[in-house]
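Just below is one structure, and these are the notes that go with it.
The values are calculated or read from the model by the stated rules, or taken from the named source; none is laboratory data. Everything numeric here is computed off the predicted structure, so don't read it as measured data. So basically every Cβ, Gly included, is an ideal-geometry build from the backbone, and we count neighbours across all protein chains shown.
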Amino acid sequence: MSTILETKDLTKKFGDFTANDKINLTVEEGEIKAIVGENGAGKSTLMNMLYRQIPPTSGEIFLRGKPIEFQSPRDAIQHGIGMVHQHFMLVPSFKVYENILLGTEIPDAKLRFLVDSKKEQQECAELVKKYGFDLDVNEVVENLSVGQQQKIEILKMLYRNVDILILDEPTSVLTPQEVDELLLQLKELKAQGKTIILITHKLREVMEVSDSVTVIKKGQIIGNVKTSETNEAELAQMMVGRKVLLTVQNDHSVQESPETIYTVRDLTTNNTYGNVVVDHVSFEIRKGEIYGIAGVEGNGQSELVKLLSGMMEATGGTVHYKGEDITNLWANELRSIGIAIIPEDRYAQGLCKEMTLSANSIAGSTRSDAFKKNGVYDSKKIREHCQKLIDRYEIRIADFDGTVSQLSGGNAQKLIIAREMRSQPDFLIASQPTRGVDIGAIEFIHQQILDFRNRGGAVLLISSELSEVMSLSDRIGVMYKGKILGEVDPLETSETQIGLLMAGAVPQEVV
Amino acid sequence: MDLLSRILYDMVYHTTPILLCVLGGLFAYKAGVLNIALEGMMLAGSFIAVFVALQTQNTFLIYLSALLVCAVIGLIFAYLAVNKKGNVIIIGLAINMLVPAIASFILQFMGVPNLTAKWVNPVNFRFDIPLIKDIPYLGPILSGHPLGTYIGLIMIFVASVVLYKTRFGIYTRVIGESPNAATSLGIQANKYATWAILIGALCSAVAGLNLSFERLGIFTNGMTAGRGFIAIAAIYCGKGKPVQSALYALIFGLARSLAINLSVFAGSISALFDIIPYLLMIAILAVNSAYEIRNFRMRTYW
């Protein structure tokens, strides 16, 4: 095997912040190279430099031993480097073939200024067949599942004859079955001679598919290992720099009381296009129980959370909390009766990035007199309150009087949890609580949720990380196309079984 | 000509400047740039056309100068908005205020209340189209219009083809809908956005020409009277699709035509009819929006 891609002291700085510090990466021809690291470690920055989405500050890139300097992504593609981004770069209203050929349209034989869509469709259909993908090239992209959209992204690069395919977190939005399918496809592509660079933080996939692993931490390479000579625990330890528990200790033995605290009945709503996105959803949660909702993203979980946290209105159905009808209450009313909310997007709904830590620490309880003196806010009280939260939850900050934008994802999330827990709620809605959070903080957040449950609180946990839902929940409802397709016991159900539900397969027996 | 066919002829006639603005402006809309400067560009076209007509009777030069000046304004807008990432509302507003101010200054400098090119006889600028003019009922409505009207009608077809069948059109739609997809494939968003804005500027120039030069041979300041904004309303209601947007332009043309033809019967309150197009604009936008958000369940502002 020969080296196909190499970087020498590749560095990227954003202002004072060094995102990549003298990276020396070596990729062999025809291998599957996994690049792992925590969120914010600099993996995506590195890949974006290879693909020339952003220019490097200093350092060199060598392709087959020759130094290269790309001017644009198009340039990179012409040199045989293609990238499948974590967030798809597709045009939703365009058809599959239009997306695959975007940027390399085939002109009409006679009228050169027109595009020959017939020929385009033909070529794409042939391409789909050649690589054995299952896709209709005339379908409009927005009607396709995420898994299918990812195939379009891969095809887009294959059409351009790339030799090196970079995939950025490709499995984060797929069902377990789709993940397996993708991994198989990657092996198939490798067999056809392609080199694949896989960026991920999911170690199971790394172990399953890759040939070698490079671990990045805080913008630096801290290890290169052969996959066959390592294991998940060792990689995790390299990523975090200390021993981590990959799963928190969850003793499901905590006695569940029969008392139902939260009941959702036939909850229904539609989106802007008039499509029903939450379809007669019903479940109930007992005291001291974590009810998890699993599902592939985009199956109504997001809207369900918005409904339950007062950000969206239901067109039908009811929600009862401690016997009271709380359907369609506003968020402040929900908080006042003891419901805490960890929203889906911590910056869009949870925090105001441009405001100070202390201002954010009282968000949601701004009407409370506890922070006021003679009717106006007392900054001393607010600051004391904020300091207490920071101490108690070990939130790492740089500047107490600075804005929230200084916090890392994990610490921002801790601030939300600290704020929400302070009012001593009885019920917690936690939506994607560990999204974009580093492994160390995940451990902490999971422990917090379990502790809350063990103290007798009830939790609704919505997450697209199946392993998270499986390890924390006492019961799991699986959502598919706006409905809860089945309810299962995580202790008696395999990931495969849940995966089938996530893909819409109707269960033969429901626990 | 009976009243009905007069109203319909006038509808086409008055649709023209709006239609031209719509078909040019929808490119910028599709490219994701809100071009509120259509109004100012149109006024610049009107002014330059008659101003040059005072110096020369060469029609070609008159067209050329109006197109050139609007192209320059379009490039300034594109440079500030696209290259320098300025706020499009403020830049557009500045152009909309600057153009009448300059026109007003020149008028004052020349010591005239408005510009009149006496040699222009609007009848000479109206063309009959052979064959079409002989079609019963339709002929008198579609034929006998100035050049701008025909350009506008042909543009509906041209805009559809350009937008959906050429690379330029495809890329224009991509940079508006998913700019990241464009960048990831090396499609230069700035280039296409600039061209899209430029097309709007050129079409506005033809619209302005039609309004002042072809129809009257007279320029009065402020004569565009909000047609550029009506065009924006039509583009939004038609979601930037050429045919749909053109139909909305036609509705506004009809309103204008009704206002003029019916005011004859209204006597002293005839001026009141002039508000019909604007009233209609608000009504259409409101109904359109109400229809769009009928399924909106979010409690957020947007």
Checklist entry - Is one or more of the residues making up the range A:354-369 farther than 18 Å from residue A:309 by Cβ, free of Cβ contacts under 8 Å to residues at least 12 places away in the same chain and not assigned by TED's automatic domain parsing to the domain that holds residue A:460? => result yes
Checklist entry - For the subset of the range B:251-302 comprising residues that are of a type in the set (Ser, Thr, Tyr) and part of a helix (DSSP H, G or I), which member is farthest from the other protein chains (Cβ to nearest Cβ)? => result B:268
Next on the checklist: Please go through (1) surrounded by fewer than 23 Cβ atoms within 10 Å (Cβ to Cβ); (2) farther than 30 Å from residue A:78 by Cα for residue B:190 and return the number of the only condition it doesn't satisfy.
Outcome noted: (2)
Item to check | Scan of the range B:1-29 for residues that are under 18 Å from residue B:189 (Cβ atoms) and either aliphatic (A, V, I, L, M) or surrounded by fewer than 24 Cβ atoms within 10 Å (Cβ to Cβ) (or both), ordered by number | outcome: B:26, B:28, B:29
Checklist entry - Pick from A:137, A:96, A:91: which is farther than 22 Å from residue B:159 by Cα, within 14 Å of chain B (Cβ to nearest Cβ) and either surrounded by fewer than 17 Cβ atoms within 10 Å (Cβ to Cβ) or modelled with pLDDT of 90 or more (or both)? => result A:96
Checklist entry - Regarding residue B:184, is this residue modelled with pLDDT of 95 or more, in contact with a helix residue (DSSP H, G or I) (Cβ under 9 Å, 6 or more places away or on another chain) and within 14 Å of chain A (Cβ to nearest Cβ)? => result no
Item to check | When residues of the range A:454-494 are limited to those that are under 21 Å from the mean Cα position of the chain (by Cα) and polar (S, T, N, Q), the one surrounded by the most Cβ atoms within 10 Å (Cβ to Cβ) | outcome: A:473
Checklist entry - Which of the residues belonging to the range A:263-272 are more than 12 Å from every other protein chain (Cβ to nearest Cβ) and more than 13 Å from residue A:307 (Cβ to Cβ)? => result A:263
Checklist entry - Can you find a residue in the range B:237-258 that is among the aromatic types (Phe, Trp, Tyr), buried (at least 20 other Cβ atoms within 10 Å of the Cβ), within 19 Å of residue B:24 (Cα to Cα) and in contact with a Leu (Cβ under 9 Å, 6 or more places away or on another chain)? => result yes
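Restrict the check to the range A:252-259 and report whether at least one residue is modelled with pLDDT of 85 or more, part of a loop (DSSP other than H, G, I, E, B) and either away from every other protein chain (no Cβ under 14 Å) or in contact with a Leu (Cβ under 7 Å, 6 or more places away or on another chain) (or both).
Scanning the range A:252-259, I find at least one residue that is modelled with pLDDT of 85 or more, part of a loop (DSSP other than H, G, I, E, B) and either away from every other protein chain (no Cβ under 14 Å) or in contact with a Leu (Cβ under 7 Å, 6 or more places away or on another chain) (or both), so the answer is yes.
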Checklist entry - Taking only pairs six or more apart or across chains, which ones have beta-carbon atoms under 7 Å, a first residue in the range A:328-352 that is closer than 15 Å to residue A:437 by Cα, and a second residue that is part of a loop (DSSP other than H, G, I, E, B) and not aromatic (Phe, Trp, Tyr)? => result A:342/A:433; A:343/A:309; A:344/A:432; A:347/A:353; A:350/A:343
Checklist entry - If you check residue A:39 against the conditions, is it under 28 Å from the mean Cα position of the chain (by Cα) and away from chain B (no Cβ under 14 Å)? => result yes
Item to check | Leading residue by the ranking (farthest from the chain's Cα centre (by Cα)) among those in the range A:190-205 that are in a helix (DSSP H, G or I) and modelled with pLDDT of 90 or more | outcome: A:191
Checklist entry - Does residue B:216 meet the test of being more than 30 Å from residue A:105 (Cα to Cα) and either within 13 Å of another protein chain (Cβ to nearest Cβ) or within 13 Å of the chain's Cα centre (by Cα) (or both)? => result no
Checklist entry - Counting only residues that are among the small types (Gly, Ala, Ser) and over 12 Å from residue B:35 (Cα atoms), which one in the range B:52-93 is surrounded by the most Cβ atoms within 10 Å (Cβ to Cβ)? => result B:66
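Quick check, is residue A:222 surrounded by 20 or more Cβ atoms within 10 Å (Cβ to Cβ) and out of contact with any Ser or Thr (no Cβ under 7 Å at 6 or more places or on another chain)?
no
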Item to check | Any chance residue A:70 is closer than 21 Å to residue A:3 by Cβ, more than 7 Å from chain B (Cβ to nearest Cβ) and touching a helix residue (DSSP H, G or I) at 6+ places or on another chain (Cβ under 6 Å) | outcome: yes
Checklist entry - (1) more than 12 Å from chain A (Cβ to nearest Cβ); (2) in contact (Cβ under 8 Å) with a residue 60 or more places away in the chain: which one isn't true of residue B:176, the others all being true? => result (1)
Next on the checklist: Return the pair list, or none, for Cβ contacts closer than 7 Å from residues in the range A:297-320 that are more than 17 Å from residue A:274 (Cα to Cα) and within 13 Å of another protein chain (Cβ to nearest Cβ) to residues that are among the acidic types (Asp, Glu) and buried (at least 19 other Cβ atoms within 10 Å of the Cβ), at least 6 apart or on different chains.
Outcome noted: A:305/A:344
Next on the checklist: Any residue that is at negative phi, at pLDDT below 85 and out of contact with any helix residue (DSSP H, G or I) (no Cβ under 8 Å at 6 or more places or on another chain) - is there at least one of those in the range A:20-37?
Outcome noted: no
Item to check | residue B:128 vs. criteria touching a Gly at 6+ places or on another chain (Cβ under 6 Å), of a type in the set (Asp, Glu), closer than 22 Å to residue B:5 by Cβ and surrounded by 11 or more Cβ atoms within 10 Å (Cβ to Cβ) | outcome: yes
Checklist outcome for this item: Within the range B:147-163, residues being over 21 Å from residue B:173 (Cβ atoms) and surrounded by fewer than 21 Cβ atoms within 10 Å (Cβ to Cβ) number 5
Checklist outcome for this item: (1) of a type in the set (A, V, I, L, M); (2) in contact with a strand residue (DSSP E or B) (Cβ under 9 Å, 6 or more places away or on another chain); (3) surrounded by fewer than 21 Cβ atoms within 10 Å (Cβ to Cβ) all hold for residue A:111 apart from (2)
Checklist outcome for this item: If you go through A:73, A:55, the only one that is free of Cβ contacts under 8 Å to residues at least 12 places away in the same chain and in the same structural domain as residue A:148 (by TED's automatic domain parsing) is A:55
